[in-house]
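Below: one structure, written as structure tokens.
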Amino acid sequence: MLPDKFYLWPKSKTLYFMLINLTSDTVTKPTKRMLAAMMAAEVGDDVFGADPTINQLEAKASKMFGKEAAVFCPSGTMTNQIAIKVHTQPLDEVICHEYSHIYQYESAGYALTSSVSMNLLQGEHGKITAESIEAAIKPVYDWLPISKLVVLENTTNKGGGNYYTSKEILPIAKLCKAKGLGLHLDGARLFNALVETGETPQQIGQLFDSISICLSKGLGAPVGSLLIGNQEFIRQARRFRKVLGGGMRQAGFLAAAGIYALDNHIDRLKKDHKNARKIGKVLAKMKVVENIRPIKTNILIFDVKKPYTADTFLAKLAKKGIQAVAFGPQTIRFTLHLDVSKEMVSQVVKILQQV
Ligand SMILES: *Cc1c(COP(=O)(O)O)cnc(C)c1O
């Protein structure tokens, strides 16, 4: 087996092939220190509420966001699906951007778990506004679904890592309150937004009824997401977590990674953003690249020109050791993260300059 980052060619100290995985910020592996924290975790049966490390993580996260409670789940898909379920009744509708993860990448789970429909809005790079939401709220007639929940994504994934400031969210929160709609945040990459805006989790917590954050994205934990809200909301969420098979037993080993990540891996996200901008500068000079989306955080989305397609361009990069994903026939996404070192970024720059 080859180590996943470096491969020294036999008998050579200088020639090496570096594998650089820009596929997603989910590909990170626990650091030595994170692993040590995991190994030292005290655990118990969480279905009985008896895992002290999970209890500690949930208390830490709810306090961070100024909320009453939180529940630890295996994935961000599960926290989002549970949130939709608790906020809605069958035949309601959810208002969100057409690029939303809950619509695009959760296998239409909203239809299965909640029997709701989606009212999809357009907006710049994954963001929606109070005006567009207000115009989309349906009047109450027997023949219309009932608008019940608004979901924002921060940062936006398919929107290229774009983010909202709390000033932009405030009118949306006010509108939802006035119209009696729930407001959920898909904050899989919320901390990428917060290190850019300088805002606190509490400022965000005040604006939403429920918040999902991923520990397994930029924060570098191997597994885990948190759903955060008030007592009654989380009490119901726990029931649906069990129904969906997310009631884990001695999962405190995973929660310990989450605690470690929240304590140690937030500030460093800025480095990923800097690395993204550095690579973006090189892409901007390439004749075969166009339409680079504004680089706001750790995600780079751009198009390649014909005769290249996303697939042929990616195949070319793969030969040089860079892995990334297609986001459309001509569209590519690079994602920066904890396991992309400075040396790797230099290597990416070098390889792109040779294309
Ligand atoms: C990754 C992601 C999720 C959750 O994904 P899981 O792989 O299920 O943890 C949710 N929302 C967004 C925007 C994401 O990028």
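The modelled label-to-label distance between residue 179 and residue 143, using points 7 Å beyond Cα along the C-beta direction, is 2.1 nm. Annotation: amide H-H contacts under 5 Å for residue 118 (H modelled 1.01 Å from N, sequence separation of 5 or more, or interchain): 94. Computed over neighbours whose Cβ is under 11 Å from that of residue 69, the net charge equals +1, Lys and Arg +1, Asp and Glu -1. Protein heavy-atom surface of region 263-355, 1.4 angstrom probe: 51% of the accessible area is carbon and sulfur, with nucleic acids and ligands not counted.
What's the angle, to the nearest 10 degrees (0 to 90), between helix 269-284's Cα axis and the longest principal axis of the chain? The two axes meet at around 60 degrees. Residue by residue, region 227-233 carries 3J(HN,Hα) couplings of 10, 10, x, 7, 3, 5, 4 Hz when phi is fed to the Karplus relation 6.51 cos²θ - 1.76 cosθ + 1.60 (θ = phi - 60°); x denotes Gly or Pro.
What per residue convex hull volume, in Å³, do the alpha-carbon atoms of the chain yield?
Numbers: hull volume 51.8 nm³, N = 355.
Measuring per residue, one finds 146 Å³ for the Cα hull of the chain.
Charges only on Cβ, +1 for Lys and Arg, -1 for Asp and Glu: so what's the dipole of the chain about the Cα centre, in debye to the nearest 20? Don't skip to the end; give the middle numbers.
Numbers: 45 positive and 31 negative charges, 325 e Å.
Using only the charged Cβ atoms, the result is roughly 1560 debye.
FRET efficiency for the residue 316 to residue 264 pair, using the beta carbon distance and R₀ = 51 Å, is estimated at 0.90.
Working from Cα positions, state the angle (0 to 90°, nearest 10) between the long axis of helix 252-264 and the longest principal axis of the chain. The helix 252-264 is inclined about 70 degrees to the chain.
A dipole drawn for region 81-228 from +1 and -1 charges on Cβ atoms has a positive end, and of 120, 216, 176 the residue lying farthest that way is 216.
Relative contact order, whole percent, for the chain stands at 24, derived from Cα pairs under 8 Å and 6 or more residues apart.
Looking at the chain, the accessible area is 47 square angstrom per residue; that uses a 1.4 Å probe and ignores ligands, DNA and RNA. Label positions at residue 42 and residue 27, each projected 7 Å from the Cα along the C-beta direction, are separated by 3.9 nm.
The values are calculated or read from the model by the stated rules, or taken from the named source; none is laboratory data. Only a predicted model underlies this, so the values are computations on that prediction, with no experimental measurement involved. Quick reminder, even Gly has a Cβ in these numbers, built from the backbone with ideal geometry, and neighbours come from all protein chains shown. Surface areas here come from the heavy atoms of the whole protein model, side chains and all, with no ligands, DNA or RNA. Shrake-Rupley method; radii C 1.70, N 1.55, O 1.52, S 1.80 Å.
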